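Written out below as structure tokens is the structure these notes cover.
The values are calculated or read from the model by the stated rules, or taken from the named source; none is laboratory data. Everything quoted here is computed from the prediction, not taken from an experiment. Heads up, the Cβs are rebuilt from the backbone with ideal geometry, glycines too, and the neighbour counts pull from every protein chain shown.
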């Protein structure tokens, strides 16, 4: 699985930058887990695929929310989760529209997300990771999204293997993507870009060039 886990250039990022990267990673993690379930011979019908996807995305967003609790202030954390949910809804809508057909897929995902957020609020993280009840709730929702033929085994598969594996992946993403030198607002980023002096207009620090320029003038 190839996901965006670190920044390669500037270490000054906005909440939108971080949310966008985490949304992308969450989507990739979800797609890879769908393949895992299929490879394990679990049956996921075409009409059920996006039900499973929505549950995975909601689970991952809730994990991110808990993981950034002591890394961001309350305002940044709220902005991150709102942006992350909306970007995830975009991915969900675009892909479901392409594969299933037109519909209010964005709105449907947000409704599911809001409902799941209220339910997940009843469950806790213990020692920095989702506890059994948190994982069990996720597993039960995945069971409801799939065919009855797998209901005997899917919850155990989710609790003992898939959920922990997904959590481990998103935890690494959060650790790397939030660990930047500074997080600035979108407005401040725009201001910085406007004030940035083009390279062609910067004064050279090379003494020979500066001397030559002075000589020519």
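Couple of notes before you dig in:
- Checking each residue of segment 96-110 against the condition of being surrounded by 16 or more Cβ atoms within 10 Å (Cβ to Cβ), under 16 Å from the mean Cα position of the chain (by Cα) and at pLDDT 95 or above gives at least one match.
- In segment 11-34, of all residues being surrounded by fewer than 17 Cβ atoms within 10 Å (Cβ to Cβ) and in contact with a strand residue (DSSP E or B) (Cβ under 9 Å, 6 or more places away or on another chain), the one that is nearest to residue 176 (Cα to Cα) corresponds to 11.
- Unique match (being touching a strand residue (DSSP E or B) at 6+ places or on another chain (Cβ under 9 Å), in contact (Cβ under 8 Å) with a residue 60 or more places away in the chain and either at positive phi or not in a loop (DSSP other than H, G, I, E, B) (or both)) among 58, 63: 63
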